[in-house]
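Q: Take this structure, written in structure tokens, and hold onto it; I'll ask about it next.
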Amino acid sequence: MSAIAAPGMEGTLTVTPAASVALSARAVVRRYRNGRGVGPVDLVLRAGETMALMGRNGCGKTTLLRLLATVSRPQRGEVQWFGGDAKAARAHLGLALDGALEDAGLTGRQATHFWCAQWIGNRAEVASRTGAVLHRLGLGPAADEPVGSYSYGMRRRLALATAVVHQPALALLDEPTAGLDPEGCAQLALLIAERAQQGRSTLIASNDPGFVESVADSVAFLEEGTMVRCASPRELLAALPQGRVAELVVDGGCPATALRAVAGVLDVTADAGTATVRFDGDHTIAALVATADAPGGRLRELRLRRPDLTDCFHDLTGRTLQERA
Amino acid sequence: MIGDAGALRAALRRSRVMPRSLAGRELAIALSRPRALAIKAGLPLALAVVLVAGDAPTFWAAMLLTVLVAMVGAVGTAVTVSRARDAGFLTRLAATPGSRPRLLIGWVLAAAGIDVVQLLPVAIAAWLTGGGGATEFAVLATVLAATLVVTNVLGCVITLAAATAAEVLLDVVVLLAPLLYLGGLFTGVPAGGWRAVVAAVDPFSHLHSAFIGMLGGSATYPGGADVIAALGAALVAIAALAGLSRRILERD
């Protein structure tokens, strides 16, 4: 057992890292008049666990995140936080929203100080944590500059800093890597890993497969508001066929039929100018290049990668994560 | 010398207000824009000086000053809250452990307080040029503060109806115009009938009356009635804000 609490925080949250449930949603539904929204969804996030929600734009990730952040209520079903209700849970939550911006006139330190003080009463503790988290996320030198002078990436770092400055037992981060450079992503991944070691849970909504694979213990795929699969990244990737993936960008349109006919090709997903080809063969790449660069088309880009979580999503739903729901 | 100037700037930056509450945050934002603060305080004062020094008819000068107060309070808060919603700030506030009514009331009172600082020079200008006494000034200042609480609450609540920060400006006008009309600002308060009853509880009618009294005209109501009605309206507005706090914070 370990106790997670910040000095001055209302109440102390006692969790058992291995077994305690930080968050549970049972048959939760929140639908809007246009039919969009989420549910029914079942979800369990344990203490110290990091879970990622992946799904196309408009599939209900943010709606679900708002429900889990206690800022909207389900029409059906039940959500529990640490076994209790929303009101009690707010003492242990941290929230970073995609697109959330602080007032341009405040400095990064002022903005972070304000959010930290919503949870922590001790002034010295607030000041100390504010300085520490800004330094930690690479904003130390710019802490006393107005937010209006920050770049987009710095504002995103600030949003993350304000969400975790009070060391919440449950952090909900919407698109946390959006706008971050590789160094920022690495700092964030380290932060999430440390939170997990301390028994703190993190739920992220992200379509960044590399980042999700590096930080998440489990991944929940959402499609049209329902959860199609929830499993560990390892389990999901193990279900994919062996081989590699080639992403081709072709001027003049992708010859999808011709690409499917290439020896060693397992699967092709194509739209007007791009194709994602899964293949398993020694000489397939040369044949793919020759096919894509044939008369009538001009191969402009070729990227090779190993299969990742976006391919898992495609296998489960028949759609790519880049499509809009 | 250059190093000293840099150190001074750095020290000034470090000495900035560290907000712990929404009121503190409002103050920090206001102080971060001294030019905007000077313009916001200077423009109403310039208008007031032009009106009272130009011997404008008392009824119309008081009407314009009342409309100014209504617009400053309601528009400022409506735009601030609307932008805060667009920026995700309200959603984040809704996920904090503080009491929602207390959060919003504190925020609106802070905004109203800043508006009082901005508009008090207008009341002082009216006092200095209008020939009213200290009692009339105390009445005007109290009614002004209470009315600014009402207008700030109206500005906050009207954001429930508006989809964007731009749309909220139109909604403020649509809301305020009938309230100002029913307060008798454009036509005077009828001696009897339902409009007289409505005007008697309309804080704008009482602010108008207090301005008329301050500018040396014949006030519509006694000063005591102005104070009681305006404070009553402010309390009702705060209670309404508390009741709507969840909806205001949780609206998408």
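Q: How high is the relative contact order of segment A:241-306, given as a whole-number percent (alpha carbon pairs under 8 Å, six or more residues apart)?
A: 46
Q: Using a 10 Å cut-off on Cβ to Cβ distances, tally the other chain neighbours for every residue of A:163-170 and report the average as a whole number.
A: Values: counts 2, 0, 0, 2, 0, 1, 0, 0.
Mean inter-chain Cβ contacts per residue within 10 Å come to 1.
Q: Moving on. Exposure proxy check: A:H283, A:H135 ranked by fewest other beta carbons within 10 Å?
A: Lowest count first: A:H283, A:H135.
Q: Mind checking the mean number of beta-carbon atoms from other chains within 10 Å of the Cβ atoms in A:83-93? All intermediate terms of the calculation are to be shown ahead of the outcome.
A: Values: counts 0, 0, 0, 2, 3, 1, 2, 5, 3, 1, 3.
Mean inter-chain Cβ contacts per residue within 10 Å come to 2.
Q: With n ≥ 4 as the cut-off for DSSP H runs, can you work out [θ] at 222 nm for the protein assembly as shown, using -39500 (n - 2.57) per run divided by the number of residues, rounded to the nearest 500?
A: When only DSSP H runs of four or more count, the value is -17000 deg cm²/dmol.
Q: Using the Kirkwood radius over Cα pairs, work out the Stokes-Einstein diffusion coefficient for segment A:142-285 at 10 °C and 1.306 mPa s, in µm²/s as a whole number.
A: Working: Rh = 18.3 Å.
After rounding, the answer is 87 µm²/s.
Q: Relative to the longest principal axis of chain B, what angle (0 to 90°, nearest 10) does the C-alpha long axis of helix B:34-53 take?
A: That works out to roughly 10 degrees.
Q: Further, regarding this structure: All other residues with a Cβ under 15 Å from the Cβ of B:G184 taken together, and with Lys, Arg as +1 and Asp, Glu as -1, what is their net charge?
A: Combined, the nearby Lys, Arg, Asp and Glu give -1.
Q: Would you mind giving the mean number of other chain beta-carbons within 10 Å of the Cβ of each residue in B:85-91, as a whole number?
A: Neighbouring Cβ atoms belonging to other protein chains average 5 per residue here.
Q: Going toward the positive end of the dipole of segment A:241-306, with +1 on Lys and Arg Cβ and -1 on Asp and Glu Cβ, which of A:L266, A:I285, A:G243 do you reach last?
A: Checked the options; the winner is A:G243.
Q: Also, I was wondering about something else. Given the C-alpha atoms of segment B:20-250, compute the convex hull and give its volume per residue in Å³.
A: 119
Q: From a point 7 Å beyond the Cα of A:A261 in the direction of its Cβ, which residues of segment A:274-305 have a backbone N at a distance under 12 Å?
A: A:291
Q: For A:A27 and B:S99, what does the FRET efficiency come to when R0 = 30 Å and r is the distance between their Cβ atoms, rounded to the nearest 0.05?
A: 0.50
Q: Now, a different point. Could you grab the relative contact order for segment B:105-252? Cα pairs under 8 Å, six or more apart, rounded to a whole percent.
A: Relative contact order, segment B:105-252: 32 percent.
Q: Now, a different point. Please tell me the relative contact order of chain B in percent, rounded to the nearest whole number, where contacts are Cα pairs under 8 Å and at least six residues apart.
A: It comes to 27 percent, rounded to a whole number.
Q: If you rank A:M54, A:M154 by fewest surrounding Cβ atoms within 10 Å, what's the result? The partial results should precede the final answer.
A: On the way: A:M54 26, A:M154 20.
Listed from fewest to most nearby Cβ atoms, that is A:M154, A:M54.
Q: While we're on this one: What is the angle, in °, between the Cα long axis of helix B:100-130 and the longest principal axis of the Cα atoms in chain B? Nearest 10 is fine, range 0 to 90.
A: 50
Q: Between segment B:99-137 and segment B:15-86, how many Å separate their Cα centres?
A: Each part reduced to its Cα centre gives a spacing of 10 Å.
Q: Right, next: What distance in nm lies between label points placed 7 Å from Cα along the C-beta direction at A:T274 and B:F186?
A: 5.6
Q: May I pose another question? What is the distance, in nm, between label points placed 7 Å from the Cα along the Cα-to-Cβ direction at A:S149 and at A:H283?
A: It is 6.2 nm.
The numbers here are math on the coordinates, done by the rules we state, and not lab data. Only a predicted model underlies this, so the values are computations on that prediction, with no experimental measurement involved. Neighbour counts are summed over all protein chains in view; Cβ atoms, including those assigned to glycine, are modelled from backbone coordinates with ideal geometry.
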